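**Student:** Sharing a structure, written as structure tokens. Questions coming.
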Amino acid sequence: MFENLVKQEVSTLLVNDIKNNTLPGSILFAGSESSGKLTAALELARIMSCTRPNKAAWNCACPSCLQHKSLVCSNLLLLGPRNCFLEISAAKETFLNAYKENASFLIATRYLFLRSIRKLLLRFSSILWQGDDKINKIGAIVEVINEDLEQLDFPRELLPFEQTKELCDKLCEKAQELENSFLPDSISINQIRNMEQWAHIKSEEGKKTIIIENADRMQTSVRNALLKILEEPPADCLFILLTTRRNAVMPTILSRVRTYNFKTRTLSEQNEVISRVFHNDLFNGSINEYLLTFLPVSFSEIQQIAADFFKTIASSNIPNVAQTVKNCANFEPRIELRIFLETIALCQKPLLTNPNGTEAAAESVKVLRQCWENVTLFNQSPVSALEILVKDLSKINVMNDRIFSKI
């Protein structure tokens with residue numbers, strides 16, 4: 001069990017609970033980013049739904065396990081915000097390199113790429129989006145992606161390399177469009193209600209699993225709706241909540257789940273993950289740092305652009321917003337915008353040494369968060385959102401006696 005969960009002792013606890021039939025119906029996986037929580041959750045879903053007596057074997061060929069490995073099982077729901085683009089890009093490069101070199105691990109990398117796309121698609125299940133006015137637009141993009149995935153999926157023979165590369169590029173482009181345009185930054189109450197209705201429909205075979213990623217990023221009404229079903233979970237459903245911030249999860253939810261803590265892997269352990277999963281033995285850094293190398297605009301470039309943007313405002317001038325957005329490739333994927341805004345927040349760290357500066361920095365954090373929500377929640381263009389941000393930051397600067405210029 002959990003052979004694909006690298007360097008996480010928590011797998012021993014999970015195996016013991018599965019074998020002893022002591023795994024509760026609602027659990028929480030808590031740990032830092034890239035610690036393997038989603039990998040473990042998806043693998044646990046496969047194990048619990050396996051129809052063979054011995055369960056657990058990764059090479060099990062029962063219909064349920066085959067569907068779970070391909071992430072097309074009807075007994076699985078996955079919801080919650082996540083930056084999927086970088087993993088998809090890394091998986092694409094790994095797969096194409098393996099195909100070009102006819103590597104012995106080609107099949108594994110093919111699965112890696114397929115699964116990376118489907119981790120995104122699962123969040124756009126028609127079950128979750130029922131009743132949403134965006135469902136038709138989402139469905140049209142999902143249909144195109146699924147049609148292209150069929151050409152890469154098993155048991156089909158792969159197309160010639162150049163055609164496969166073209167297909168992969170198209171899939172990445174469509175996946176990015178889906179993520180940027182429709183993946184919300186937090187779970188909606190409508191999705192929780194739709195999930196609850198689905199959970200109460202008895203499964204024809206196997207156990208249903210509901211995975212909720214970033215469970216700490218929910219509004220109060222959504223948390224309360226989730227709490228309701230966790231109080232009386234259906235007998236044939238397993239709820240797996242994931243979080244990087246256990247302290248931010250509502251205490252009443254924590255009281256209804258058993259927590260499994262995932263350790264932060266050492267740098268050498270993360271290098272081993274990169275080697276085993278992405279077959280890159282040359283990179284010497286963390287998993288997050290490796291994934292960030294797949295940004296269209298480099299991490300350091302975005303930070304420099306953000307620092308210059310803030311410096312212009314601090315000097316009581318107006319930055320060229322359109323050029324800034326262009327230099328950051330229109331902030332696609334959206335994680336580029338998060339890096340940009342977080343850098344501006346970091347630029348204000350020196351303000352925290354006195355009360356007036358702390359107050360100004362706190363106001364800045366509010367407008368930076370509003371800028372993020374304007375783009376990710378309210379579908380405002382990055383140019384419009386940054387123009388508002390410039391006005392808000394300039395106002396804070398002026399009202400606080402041009403405090404930014406003193407940094």
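**Student:** Charges at C-beta only: +1 for Lys and Arg, -1 for Asp and Glu. How large is the resulting dipole of the chain about its Cα centre, in Debye rounded to 20?
**Tutor:** 940 debye
**Student:** Please list, or write none, the lysines whose alpha carbon is within less than 18 Å of the alpha carbon of LYS134, excluding same-chain residues fewer than 8 places away.
**Tutor:** LYS174
**Student:** I've got another one for you. Could you identify which residue out of LEU351, LEU86, LEU238 has the top mean-square fluctuation in a GNM of the chain using Cα springs shorter than 10 Å?
**Tutor:** For the chain, modelled as a Gaussian network with Cα springs under 10 Å, the answer is LEU351.
**Student:** While we're looking at this one, here's another question. Over region 12-151, give the accessible area per residue in Å² for a 1.4 Å probe, as an integer.
**Tutor:** 41 Å²
**Student:** Another question about this same structure. Name the chymotrypsin sites (Phe, Trp or Tyr not before Pro) in region 1-63 that are in a loop by DSSP and that have at most 15 other C-beta atoms within 10 Å, would you?
**Tutor:** Working: sites: PHE2, PHE29, TRP58; in loops: PHE2, TRP58.
Within region 1-63, the qualifying chymotrypsin sites (Phe, Trp or Tyr not before Pro) (loop, at most 15 other Cβ atoms within 10 Å) are TRP58.
**Student:** Before rounding to the nearest 500, sum -39500 (n - 2.57) across all DSSP H runs of length at least 4 in the chain and divide by the residue total; then give [θ] at 222 nm in deg cm²/dmol.
**Tutor:** That comes out to -17500 deg cm²/dmol.
**Student:** Counting other Cβ atoms within 10 Å of each Cβ, which trypsin sites (Lys or Arg not before Pro) in region 308-407 have at most 16 and sit in a DSSP loop?
**Tutor:** Of the trypsin sites (Lys or Arg not before Pro), the ones in loops of region 308-407 whose Cβ has at most 16 other Cβ atoms within 10 Å are ARG402.
**Student:** Related question: Can you run phi through the Karplus equation (6.51, -1.76, 1.60; θ = phi - 60°) for region 59-73 and list ³J(HN,Hα) in whole Hz, with x for Gly and Pro?
**Tutor:** Along region 59-73, the couplings run 8, 4, 10, 5, x, 5, 5, 4, 5, 5, 5, 8, 6, 10, 6 Hz.
**Student:** LYS202: which lysines have alpha carbons under 22 Å from its alpha carbon, excluding same-chain residues fewer than 8 sequence positions away?
**Tutor:** The qualifying lysines are LYS55, LYS228.
**Student:** For a quick check of your reading of the filter: which GluC sites (Glu not before Pro) in region 148-183 sit in a DSSP loop and have no more than 13 other Cβ atoms within 10 Å?
**Tutor:** Listed in order of number, the matching sites are GLU157.
**Student:** Treating cross-link reach as a plain straight distance, find the aspartates and glutamates whose alpha-carbon is under 20 Å from the alpha-carbon of LYS37, omitting any fewer than eight places away in the same chain.
**Tutor:** Once the sequence-local aspartates and glutamates are set aside, what remains near LYS37 is GLU3, GLU9, ASP17, GLU87, ASP185, GLU213, ASP216, GLU269, GLU272, GLU289.
**Student:** Would you grab the residues whose amide H sits under 5 Å from the one on ARG258? Only those 5+ places off in sequence or on another chain, please, with H modelled 1.01 Å from N.
**Tutor:** Amide H to amide H, under 5 Å and 5 or more residues apart or across chains, ARG258 pairs with SER26, ILE27, LEU28.
**Student:** When the chain is treated as a GNM, springs tying every alpha-carbon pair under 10 Å, which of ASN16, ASN354, ASN280 comes out with the largest mean-square fluctuation?
**Tutor:** Ranking ASN16, ASN354, ASN280 by mean-square fluctuation puts ASN354 first.
The values are calculated or read from the model by the stated rules, or taken from the named source; none is laboratory data. Fair warning: this is a prediction, and the values are worked out from it, not measured in the lab. Note that each Cβ is placed from the backbone with ideal geometry, even for glycine, and that neighbours are counted across all protein chains shown. Note: accessible area is taken over every heavy atom of the protein model, side chains too, but ligands, DNA and RNA are not part of it. Shrake-Rupley method; radii C 1.70, N 1.55, O 1.52, S 1.80 Å.
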